[in-house]
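Each remark here refers to the structure printed beneath this line.
The values are calculated or read from the model by the stated rules, or taken from the named source; none is laboratory data. Everything numeric in this text was worked out from a predicted model, so none of it was measured. Heads up, the Cβs are rebuilt from the backbone with ideal geometry, glycines too, and the neighbour counts pull from every protein chain shown. Ligands, DNA and RNA are stripped out before the accessible areas are found, and what is left, the full protein with its side chains, is counted by its heavy atoms. Shrake-Rupley method; radii C 1.70, N 1.55, O 1.52, S 1.80 Å.
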Amino acid sequence: MTAPFQHNLDGETQALPGRGDSKLFAILLALYFLILYPILRANRYYNDDLKRALIGHTGWDSNGRPLTTLLMRLLQCYDSALVDISPLTQIGAVAVLAWVGVLIARRYALRSPWLAALIVFPLGAQPFYLENLSYKFDALSMSVAIWLALLPLLGIGRGRRGWWMGVLALFGSLGFYQPAINLYLIFVLLDVALAQLRDDPLRTWLKEFFLRVLQIGVAVFAYQLIIGIHIHGWVGRESQKIHSLSQLPLVATNIAGFYRFIEGCFDRQWWNYFLPLLLVLAAFPIVIGIRYALRQRPRHALWVAAVLTIAGVLLPLLALLCLAGPMLVLLTPEFEPRVMMGVGALLVAGLILMQTALAQWRRSPRWTLVAACMLAIGMCVLASAYGNALGEQKTYEDRIASNLADDLLDLKASHGIRGFLLDGAIGFSPITQHVAEAFPMIDFLISPYIESGDRFHTTDFLMYYVDGVDNLGWHTDPASLRAQSDILARAQQTSAIRTTSGYSLRIVDDVALVTLHSAPAQAYAAANRPAVRYSSPAK
């Protein structure tokens with residue numbers, strides 16, 4: 001049974017809260033569990049989780065995310081150090097996403113609970129968001145950021161008070177996780193396309209559009225003034241913006257890099273399967289924009305109709321740029337799955353526009369159902385493959401690290417070593433590598449934790465196993481780097497005292513050189529790791 005309906009201020013049909021909301025929430029929660037369960041089963045500490053779980057380190061304040069710090073500390077009664085309380089945070093994350101889905105269904109009059117669930121499902125099920133859900137400490141705050149980013153459009157009343165409450169919600173979204181703001185931009189464009197579909201007066205929706213642009217502008221300005229000035233460290237260095245006209249060509253470079261990143265995340269077979277569907281979704285705003293321009297021709301000058309036509313054609317491209325949003329004006333933007341939160345919003349917006357247009361044109365909603373089912377099946381398949389690969393990588397690394405820790409302690413007792421130095425990389429486990437060959441996105445989603453050149457993941461990961469022996473690779477001062485080079489050179493003249501499937505051990509003075517081994521399948525992963533991957537703090 002669906003909820004009753006009313007008309008909102010825009011003349012759109014909007015569902016009232018009721019039993020339909022509860023049913024939709026339950027359906028979405030069940031669907032999102034299909035995405036989350038493989039990640040929970042793998043149970044692998046994800047990047048920054050390594051240090052946070054071991055020593056309670058947060059680091060969010062310096063990254064411009066003080067509200068994430070506040071939320072996580074409140075959940076733990078503001079204890080001095082964080083502990084791992086997953087899967088509570090990850091379950092909470094999908095519950096928030098399910099509630100946002102209910103709000104979207106209300107706002108855009110999606111009557112059937114099952115159809116509504118499939119339409120809004122990509123919001124948190126899209127492949128790039130798998131990384132966000134993998135963070136045991138960050139998943140909840142990232143989903144809350146999505147809720148706050150969309151709240152001005154979904155759940156806050158109009159008028160001056162509602163506008164300022166929207167500014168506050170957007171400010172909060174930025175304080176939880178900055179990339180979530182891109183979802184707001186995409187849904188603003190969705191409202192433009194829907195206004196054209198309803199044949200609203202040009203002045204009416206243009207005024208609403210500029211008020212929305214002003215709303216996000218005020219929120220970003222307040223964020224920069226209050227929080228942004230305190231961002232420092234790695235995030236501060238990577239957030240440097242273009243500041244001169246001579247650097248404007250970097251915007252085009254960033255756009256090209258952004259498209260290459262998305263293209264490289266999927267193989268040709270998946271593009272052949274899904275690209276026609278994506279093109280169909282992109283065609284709807286173009287058709288609606290051209291149709292609206294033709295209808296406005298008798299009421300406005302010719303140049304107005306021409307501008308509206310061009311705007312309709314460019315709307316899908318503008319929506320694509322909103323996936324990266326403000327990152328396009330950075331000197332060195334970081335294109336990683338976790339910042340592509342807008343992909344889900346773009347798919348949802350496309351399905352909503354398709355459903356609304358077909359209903360207005362008196363066409364069957366089954367076409368929308370077919371499109372949504374295709375996307376949902378693909379997302380569930382990729383999530384399951386990712387979870388299996390993640391679990392296999394965890395088992396693989398745990399085995400090698402455990403054996404290495406025992407061998408180093410034996411060498412400390414028998415040879416008096418004081419430290420160890422890694423050389424090489426273990427790469428992916430054979431099964432993880434097989435999955436990566438079918439799904440190139442795995443190369444971006446899973447970072448191997450035992451690599452000599454990785455001073456972020458590897459250092460934190462080995463802290464779980466190796467104790468009493470210094471990791472010389474952690475030291476980066478000039479003297480230490482020269483000493484490491486000398487050890488590597490001298491080790492060529494020595495023979496291994498122990499060889500396993502994962503590594504070989506050599507002794508140089510009082511240092512154990514650990515030469516990591518990669519099987520042929522694993523070596524492929526190391527040789528073909530995408531150039532845009534960063535072995536630095538993720539957020």
- For the residue pair M463 and F210, what label-to-label distance in nm results when each label sits 7 Å from Cα along the Cα-to-beta-carbon direction? 5.3 nm
- Calculate for the chain the 222 nm mean residue ellipticity that helices alone would give, adding -39,500 (n - 2.57) per DSSP H run of length 4 or more and normalising by residue count, nearest 500 deg cm²/dmol. -20500 deg cm²/dmol
- Solvent exposure, largest accessible area first (probe 1.4 Å, DNA, RNA and ligands not counted), of I431, I446: I431, I446
- Item | Count, lysine Cα pairs under 19 Å in the chain, 8 or more residues apart or across chains | 6
- Message: With every protein chain kept in place and ligands, DNA and RNA left out, what is the accessible area per residue of region 376-459? Probe 1.4 Å, answer in Å².
- Response: 33 Å²
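Of the heavy-atom accessible surface of region 330-441 (probe 1.4 angstrom), what whole percent is carbon and sulfur?
Carbon and sulfur together cover 60 percent of it.
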- Task: Go through 282-292, 404-414 and give me the packing order, highest mean Cβ count within 10 Å leading.
- Result: 282-292, 404-414
- Task: Calculate, for region 318-362, the solvent-accessible area per residue in square angstrom, rolling a 1.4 angstrom probe over the heavy atoms of the protein chains.
- Result: 29 Å²
- Near the amide H of E451, under 5 Å away, which other amide H atoms are found, from residues 5 or more places off or on another chain, if H is placed in the peptide plane? T458
- Task: Please list 235-248, 192-205, 125-138, 156-169 highest first by mean number of surrounding beta-carbon atoms within 10 Å per residue.
- Result: 125-138, 192-205, 156-169, 235-248
- For the A306, Y273 Cβ pair and Förster radius 51 Å, calculated FRET efficiency rounded to 0.05 is 0.90
- Query: To one decimal place, what orientation-averaged projected area in nm² is obtained for the convex hull of the Cα set of region 246-373?
  - Reply: 10.1 nm²
- Which value, to two decimals, describes the C-alpha radius of gyration of the chain once divided by 2.2 N^0.38 Å? 1.07
- Applying the Karplus parametrisation 6.51 cos²θ - 1.76 cosθ + 1.60 with θ = phi - 60° to the phi angles of region 413-427, what ³J(HN,Hα) value in whole Hz is obtained for each residue in order, glycine and proline being reported as x? 6, 8, 10, x, 5, 10, x, 9, 9, 7, 9, x, 8, 8, x
- Query: Any idea of M463's accessible area? Nearest 10 Å², probe 1.4 Å.
  - Reply: 90 Å²
- Item | Nearest-10 value in Å² for the accessible area of W114, using the 1.4 Å probe | 140 Å²
- Message: What do you get for the angle between helix 88-107 and the principal long axis of the chain? Use alpha-carbon atoms, 0 to 90 degrees, nearest ten.
- Response: 20 degrees
- Query: Quick one: length gained pulling S402 to W164 fully straight, 0.36 nm per residue minus the C-alpha distance?
  - Reply: 80.2 nm
- Roughly how many Å² of Y273 are accessible to a 1.4 Å probe, to the nearest 10? 130 Å²
- Query: Between A489 and Y259, how many nm apart are label points set 7 Å from Cα along the C-beta direction?
  - Reply: 4.8 nm
- Share of carbon and sulfur in the accessible heavy-atom surface of region 112-216 [1.4 Å probe, %]: 71 percent
- Relative contact order, percent, the chain [alpha-carbon distance under 8 Å, six or more residues apart]: 17 percent
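Sorting M374, M327 by accessible area (1.4 Å probe), largest first, what list results?
M374, M327
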- Which angle between 0 and 90 degrees, to the nearest 10, do you get for helix 342-360 versus the longest principal axis of the chain when only C-alpha atoms count? 20 degrees
- Quick one: net charge around R44, please, counting Lys, Arg +1 and Asp, Glu -1 for every other residue with C-beta under 15 Å from its C-beta. -3
